[in-house]
Amino acid sequence: MLTSIATVSLSGTLEEKLQAVARAGFDGVEIFENDLLAFPGSAADVGQIIRDLGMKCTLFQPFRDFEGLPPDLRSRIFDRAEKKFEIMQQLGTDLLLVCSSVSLAASSDRERIVEDFRELGERAAGHEVRVGYEALAWGRHVWDHRQAWDIVKAVDHPAVGLILDSFHSLVRRIPMASIREIDPMKIFIVQVADAPWLNMEYLPWSRHFRNLPGQGEIPVKDFVTTLVEIGYRGPLSLEIFNDYFRSLPAWMVALDGIRSLRLTIDEASRAAGEVSDVALPPRVQCHGVVFVEFALGDNEAKPFADMLSALGFACTGRHRSKAVERWQQGGINIVLNTEPDGFAHSHYLVHGPSACAIALRIEDVDAAVARAEALSINSFEGRIGRGEMPVRAIRDVSGSLIYLVEEDQVAEMWFRDFEPISAPDHRDAGLIEVDHLAYAMRDQELLSWLLHSFAFFDVEKKAVVEIFDPLGLVHSQPIESPDRRLRVLLNGSVSDNTLTSRLHRRYWGAGLQYVSLRTSDIFDTAERLEGLGLERLKIPSNYYDDIETRFGLAPEFVSRLARWDILYDQDGEGEYLQINSRAFEKRFFFEIVERRGGYDQYGAANEVIKLTTQSRFKNDQENAL
Ligand code: MG
């Protein structure tokens, strides 16, 4: 299937859009009329740029309010159509998108509409071009692809075909089976877009909330699968109207676009039992976090190591050729990198003290790297010393690294790369493993992170939770592997002032906001952490008065929670107990959690308390400066 995208999906000038589309690897592009009108050159120039970039112009759009007009307006619209045909010849495309009329002057008389299209087909054929009819979900008389197909069939002209758009068909919940009634040779192009389910009118829903296949909730994959099953092999073209996308650089949306389209083609083809031209290696199974690596400067290394000690970690290894330490507790590894050059140092120069990499336990690194390449996800191979183990990595959306390690290589990697250090007097805090990782980003970027994660990993996205940060709204998107050994929260800040957003700004980009570490006994851990001198976040007593009545908890239990500043949540039989460290350098923090009785969420109800308290602490710190 030929991949294409409409210029209306991207920000910037037409030249910038075309460059971004070509660089992302699309085969073709739809030219949206307004982009052409604002271009300081001819349609022929645009056509030449598209060909020079190695692409094809898949269609010109939109041609509106054409069918069913009274005689005086009818002749004028045909004159306009003739002009469009000339532009199309200059652009080098043979397809015009005609969307169903919304004009109050348009008649619903089917015979008249059929006659209009028959004449349009004749005129188009005279210019060696074609027209495709698309039913807009909010069309005046035609709003359903079944009506549009009925008209195209009746017109019965080789230059007149159908254009399908997943948004229009799916938001109206038109039965998927109706696609099987359509002759695939008469579908001239298929536009695809996803969207969240919203309770609103079709027009504003389409203009503002479309997103890339997989980012929303409507069944785009089933739609494309059905098309593959009936034998459609024509272009698949993204047509995304989204306010956030227009505020992001064109290259970023184009890259996400091609990733999403390849994923859709691959999955729909598989579901239809066909071999696609994309044929991606399988999604990457992840079975947990091997380590989290922090890049630090010399000034921060000591305070950070003190914080790790206070959390119950011990330094158990020193890298054989680099200024890198391994800190361990239970199954958790923290890597502390103070190298004066290399990737971690560059990350430090740009972002300051921060997590520069994570390492994940996966099954097949070669297949994973091949999948990344096919999805235009950059991979990375760092410099290694003699005898050290090469570890492959991919980059996340922010450019930080995700190392990929196979289960049977984990022990070898530590053994070959690190000189062991004994820690005889070490006192741990009973922490067992990483529970989840939380990333902070701008809300505009959240869909990009989401796409990157589910395109590469075998993960499920859970429902987005709205968190009311003291200074604005944060969208929290959980992503989980089927075995729950990889749990990630993507926290997108809507306002610029939220704590999430300030952490992110301080970082110069999205990044790891906190690492959540699991214990099997939070009271025991709390006592040990106090003994180790961890500075934890103090929780106001009002909070405890509230949860006692809210959950009907025993007063003695609530007193214990209050004694150790433990936040509490319940979900059915499950319970979630958490303690938070104070933020390191006002940037990132650690959370300690205990999950009881199969609790499967992230304590979102407590986020506001946690963030307000963290924010109050930050203000105190800033005032003290
Ligand atoms: Mg469309």
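The values are calculated or read from the model by the stated rules, or taken from the named source; none is laboratory data. Everything numeric in this text was worked out from a predicted model, so none of it was measured. Here the Cβ positions follow ideal geometry from the backbone for every residue, glycine too, while neighbour counts run over all protein chains shown. SASA here: full protein model, heavy atoms, side chains in, ligands and nucleic acids out. Shrake-Rupley method; radii C 1.70, N 1.55, O 1.52, S 1.80 Å.
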### Query
When the helix-only estimate is applied to the chain (DSSP H runs of n ≥ 4, each -39,500 (n - 2.57), divided by the residue count), what is the mean residue ellipticity at 222 nm, nearest 500 deg cm²/dmol?
-11500 deg cm²/dmol
### Message
Over the chain, with the other protein chains present, what is the accessible area per residue in square angstrom, probe 1.4 angstrom?
### Response
40 Å²
#### Entry: When each of LYS84/LYS221; LYS17/LYS586; LYS302/LYS538; LYS17/LYS462; LYS322/LYS610; LYS322/LYS462 is checked by Cα-Cα distance, pairs over 30 Å
LYS84/LYS221; LYS17/LYS586; LYS17/LYS462; LYS322/LYS610; LYS322/LYS462
### Task
Calculate the spin-label point distance for ASP366 paired with ALA271, positioning each point 7 Å from the Cα along the beta-carbon direction, and give it in nanometres.
3.1 nm
### Query
How large, in percent, is the carbon and sulfur part of the accessible surface of the range 99-174 at a probe radius of 1.4 Å?
46 percent
### Query
Which peptide among 373-381, 475-483 comes first, and what is the full order, when sorted by highest mean count of other Cβ atoms within 10 Å?
475-483, 373-381
#### Entry: Gain in span if fully extended, GLU527 to GLU585, counting 0.36 nm per residue against the direct Cα distance
18.4 nm
### Task
Quick one: check the C-alpha center-to-center distance for the range 205-256 versus the range 564-615, whole angstrom.
36 Å
#### Entry: Tensor-based shape of the range 431-624 (alpha-carbon gyration tensor, a/c under 1.5 rounded, otherwise prolate or oblate)
oblate
### Query
Sorted by accessible area (1.4 Å probe), largest first, how do TYR403, TYR543 line up?
TYR403, TYR543
### Summary
For the range 23-129, the Cα-Cα pair-distance distribution in 10 Å bins from 0, as whole percents, is 14, 43, 28, 13, 2
### Message
Quick check: at a probe of 1.4 Å, how many percent of the accessible area of the range 431-624 sits on carbon and sulfur atoms?
### Response
48 percent
### Query
Which value in nm describes the separation of the simple spin-label points at LEU104 and ALA554, placed 7 Å from the Cα toward the beta carbon?
7.2 nm
### Task
Determine the sum of side-chain charges near PHE291: Lys and Arg each +1, Asp and Glu each -1, restricted to other residues whose C-beta is under 13 angstrom from that of PHE291.
-2
### Summary
Once phi for every residue in the range 385-392 is put through the Karplus expression 6.51 cos²θ - 1.76 cosθ + 1.60 (θ = phi - 60°), the whole-Hz ³J(HN,Hα) values, with Gly and Pro written as x, are x, 4, x, 7, 8, x, 10, 7
### Task
For the range 569-579, take each phi angle, set θ = phi - 60°, evaluate the Karplus expression 6.51 cos²θ - 1.76 cosθ + 1.60, and give the result in whole Hz per residue in order, putting x for glycine and proline.
9, 10, 8, x, 7, x, 9, 10, 10, 9, 10
### Summary
Restricted to the range 114-217, the DSSP antiparallel beta bridge percent, nearest 5, is 10 percent
### Message
I need the P(r) histogram for the chain: all alpha carbon pairs, bin width 20 Å from 0 out to the longest distance, whole percents.
### Response
18, 44, 27, 10, 0
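What's the extension gain from ASP222 to SER520 if we count 0.36 nm per residue and subtract their Cα-Cα distance?
Details: separation 298, 0.36 × 298 = 107.28 nm, distance 4.21 nm.
Extra length available between ASP222 and SER520 comes to 103.1 nm.
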### Task
Leaving ligands, DNA and RNA out of it, rank LYS153, LYS586, LYS322 by accessible area with a 1.4 Å probe, largest first.
LYS153, LYS322, LYS586
### Task
Tell me the label-point distance for the pair ARG484, GLU406, using the 7 Å Cα-to-Cβ offset, in nm and rounded to one decimal.
2.9 nm
#### Entry: Proximal charge balance of LYS221 [Cβ under 12 Å; K/R count +1, D/E count -1]
-4
### Message
Sorting check: for 207-216, 331-340, 457-466, which peptide has the highest mean count of neighbouring beta carbons within 10 Å, and how do the rest follow?
### Response
207-216, 331-340, 457-466
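Sum up the charges of everything whose Cβ sits under 11 Å from the Cβ of ARG210, counting Lys and Arg as +1 and Asp and Glu as -1, but leave ARG210 out. Walk me through the intermediate numbers first.
Working: positive: ARG207; negative: ASP165, ASP194, GLU239, ASP243.
Net charge around ARG210: -3.
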